[in-house]
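J.: Attaching a single structure in structure tokens format; questions to follow.
The values are calculated or read from the model by the stated rules, or taken from the named source; none is laboratory data. Predicted model, so just to flag it, every value in this text is computed and none were measured. When we count neighbours, we look across all protein chains shown, and the Cβ atoms used for this are built from the backbone with ideal geometry, even at glycine. Just so you know, the surface numbers come from the protein's heavy atoms only, side chains and all, with ligands and any DNA or RNA stripped out. Shrake-Rupley method; radii C 1.70, N 1.55, O 1.52, S 1.80 Å.
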Amino acid sequence: MKICCIGAGYVGGPTMAMIAHKSDKHIVTVVDINQARIDAWNSDTLPIFEPGLDEIVKQARGKNLFFSTEVDTAIREADIIFISVNTPTKTYGMGVGRAADLTFIEKCARQIAAVAEDDKIVVEKSTLPVRTAASIKRILEANSNGRNFQILSNPEFLAEGTAVSDLENPDRVLIGGDQTPAGLEAIQTLVDVYAEWVPREKILTTNLWSSELSKLTANAFLAQRISSINAISALCEATGANVDEVAHAVGTDSRIGPKFLKSSVGFGGSCFQKDILNLVYLCEHFGLPEVAKYWNGVIEMNDYQKRRFGSRVISSMFNTVAGKKIAVLGFAFKKDTNDTRESAAIYVCKDLLGENAELTIYDPEVSESQIRYDLDLSAEDTSVTVCDDAYTATKDAHAILILTEWDEFKALDFQRIHDGMELPAFLFDGRNLLDLEALRKIGFEATGIGQGE
Ligand code: UDX
Ligand code: ADP
């Protein structure tokens, strides 16, 4: 099978690397219009940091895994074309701030229609609004010239930071397609690709719309759990309960389960907010305002949590952070990734900069240029200093904010850090990563999320 994937991002790159790694029967070419990104995929320093990814890419690259900017050639030669381009929230026009921007998807569909010379299976990998497959199909069919295009939906459920193990051992693979003989045949072709390593009973097949909607729903449910526990965290702080203890007690109910109940400074990442906004927009479009309002609450609670964290920092520090040095440890939206999209750190840092705080930021994987870009700061702006390690970042600081749960923060010498700080030394643990009791013993004014007095 010749497989092409348009879009060499956080989803396309790792997913295609795994397909190539698992079966040398398939020739997999990942294409992108971004030359720098393709160059990085072909280099020793991959464009994304993901544990375990280097090994599988290096093992398959040049054998049956290729990265290229030759989009037309890859489309022409492929039997299966995955579309894995970005679908950001719209920043203009109708549905601004909520609907998904499908410009990149439509461009791909038109390019496939223009270039393909024979029948193709086109697979939506990007997360899309329900019924997008219908639009792709119309574009392809309007230009088919006798060629047969089958559209499948195969949403990706991998989480960043654990992408390789999620791909290797998925809870399920979902494939939606037309329930016609040709559609079912296309579904079977894609099932066979995954069946190289995924047990058959974990490969679910559905109609197109169920598959598209399942992805949005899964992300909405996961985000809803975080917003639910974060809502309770505010009540814990007011009442003296401890949110970790509450989450544990609640999560031991087998009907609820323990995962995604970790209270935090707020969820980030490229998916949760975007997908829920998209779901909300769809509900409104289909005349379901009550359903839209229900899901929008998940976003509102997340925004509240991010704002609440910043407010708590300011109020604890005698209601002013102006001119104070605040060390921010962690900028990525979660550990084990260099991705900062929608990271809670961006919102918290902007709020504190708005109060004229001086920030020293350290993240093990996020670059200075990315941090400055995310905070809308020029290279000359001195309100933020990006440091190479946590000790430099915390030196002479009035407060430390833990915003990403990197393992290395647990191993820091906090006595040494405390000795180098202004007193009283505040520590706000936005991830409940550290032993607050032990920190208090060495003199920190330490608070976590949802930790009552
Ligand atoms: C998510 C989905 O998990 C994945 O299935 C989908 O394909 C893409 O979106 P991702 O955004 O990469 O994956 O990471 P995830 O682990 O879900 O974390 C999202 C955000 O929620 C992070 O900011 C994380 O820190 C936060 N989170 C997660 C919590 O605050 N508490 C939790 O209990 C879990
Ligand atoms: P995701 O997290 O969904 O993988 P990314 O933004 O990381 O999203 O990756 C999407 C990639 O798709 C980007 O590298 C972008 O350059 C690429 N892309 C967007 N449109 C096209 C297109 N028409 N042809 C080829 N690549 C594209």
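J.: Per the Cauchy relation, a quarter of the hull surface: what is the mean projected area of the convex hull of the alpha carbons in the stretch 67-128, in nm²?
T.: That works out to 4.7 nm².
J.: Quick check: pseudo-label points 7 Å beyond the Cα along Cα→Cβ at residue 96 and residue 69, how many nm apart are they?
T.: 3.3 nm
J.: Take the alpha carbon atoms of the stretch 196-269, find their center, do the same for the stretch 418-436, and report the distance between the two centers in whole angstrom.
T.: After rounding, the separation between the Cα centres reads 28 Å.
J.: Now for a separate question. By how many nm would the segment from residue 159 to residue 445 grow when fully extended, if each residue of separation counts as 0.36 nm and the alpha-carbon distance is taken off?
T.: 99.6 nm
J.: Same structure, new question: Starting from the Kirkwood Rh over alpha-carbon pairs, what translational D in µm² s⁻¹ does the stretch 221-290 have by Stokes-Einstein at 10 °C and 1.306 mPa s? Don't jump to the answer; show the numbers that get you there.
T.: Working: Rh = 13.6 Å.
It comes out at roughly 117 µm²/s.
J.: Further question on the same structure: Output the peptides 441-450, 52-61, 254-263, 269-278 sorted from most to least packed, where packing is the average of other Cβ atoms within 10 Å over each peptide's residues.
T.: Averaged packing, sorted descending, gives the order 269-278, 441-450, 52-61, 254-263.
J.: Another question, then. With the cut-off at 1.5 for a/c, could you classify the stretch 63-190 from its C-alpha gyration tensor as rounded, prolate or oblate?
T.: Since a/c stays below 1.5, the shape of the stretch 63-190 is classed as rounded.
J.: Further, regarding this structure: How many angstrom separate the Cα center of the stretch 21-91 from the Cα center of the stretch 315-367?
T.: 33 Å
J.: Using the beta-carbon distance between residue 385 and residue 135 and R0 = 35 Å, what value does 1/(1 + (r/R0)^6) give for FRET efficiency, to the nearest 0.05?
T.: Numbers: r = 47 Å, r/R0 = 1.34.
After rounding to 0.05, the efficiency reads 0.15.
J.: Evaluate the Debye formula for the stretch 113-167 with equal point scatterers sitting on the alpha carbons, no solvent, and hand back log10 of I(q)/I(0) at q = 0.15, 0.28 Å⁻¹, in q order, two decimals.
T.: Each listed q corresponds, in turn, to -0.53, -1.09.
J.: Further question on the same structure: Which far-off residues, 5 or more places away or on another chain, put their amide H under 5 Å from the one on residue 328, with H placed in the peptide plane?
T.: When sequence neighbours closer than 5 places are left aside, the close amide H contacts are 360, 361, 362, 401.
J.: Summing -39500 (n - 2.57) over the DSSP H runs of n ≥ 4 in the chain and dividing by its residue number, what mean residue ellipticity at 222 nm do you reach, to the nearest 500 deg cm²/dmol?
T.: Using -39500 (n - 2.57) per qualifying helix, the result is -13000 deg cm²/dmol.
J.: With a bin width of 10 angstrom, please list the P(r) values of the stretch 119-275 as percents of all Cα-Cα pairs, from the 0 bin to the one holding the largest distance.
T.: 10, 31, 29, 18, 9, 3, 1
J.: Another question, if that's okay. Give the Cα extents of the stretch 345-453 along the principal axes, in whole Å, largest first.
T.: Answer, in whole Å and largest first: 40, 27, 26 Å.
J.: Normalise the Cα radius of gyration of the chain by 2.2 N^0.38 Å (N = residues in it) and let me know the number. Can you show the working numbers first?
T.: Values: Rg = 23.5 Å, N = 453, 2.2 N^0.38 = 22.5 Å.
This ratio for the chain stands at 1.05.
J.: Highest mean first, what order results for 109-118, 6-15 on Cβ atoms within 10 Å?
T.: Top to bottom by mean Cβ count within 10 Å: 6-15, 109-118.
J.: What is the list of residues in the stretch 345-371 whose amide nitrogen lies under 11 Å from a point 7 angstrom out from the Cα of residue 36, following Cα to Cβ?
T.: 369-370
J.: Now for a separate question. Please give the solvent-accessible surface of residue 350 in Å², to the nearest 10, using a probe radius of 1.4 Å with every protein chain present.
T.: 90 Å²
J.: Still on this structure: For the stretch 245-352, I need the span (max minus min coordinate) of the C-alpha atoms along each principal axis, in Å, sorted largest to smallest.
T.: Largest first, the stretch 245-352 extends 50, 36, 29 Å along its Cα principal axes.
J.: Take peptides 358-370, 87-99 and line them up by average Cβ neighbours within 10 Å, highest first, as a rough protection proxy.
T.: The densest-packed peptide leads the list: 358-370, 87-99.
J.: Rounded if a/c is under 1.5, else prolate if a/b beats b/c, else oblate: with a ≥ b ≥ c from the C-alpha gyration tensor eigenvalues square-rooted, which is the stretch 292-409?
T.: Oblate is the answer for the stretch 292-409, as a/c is 1.5 or above yet b/c matches or exceeds a/b.
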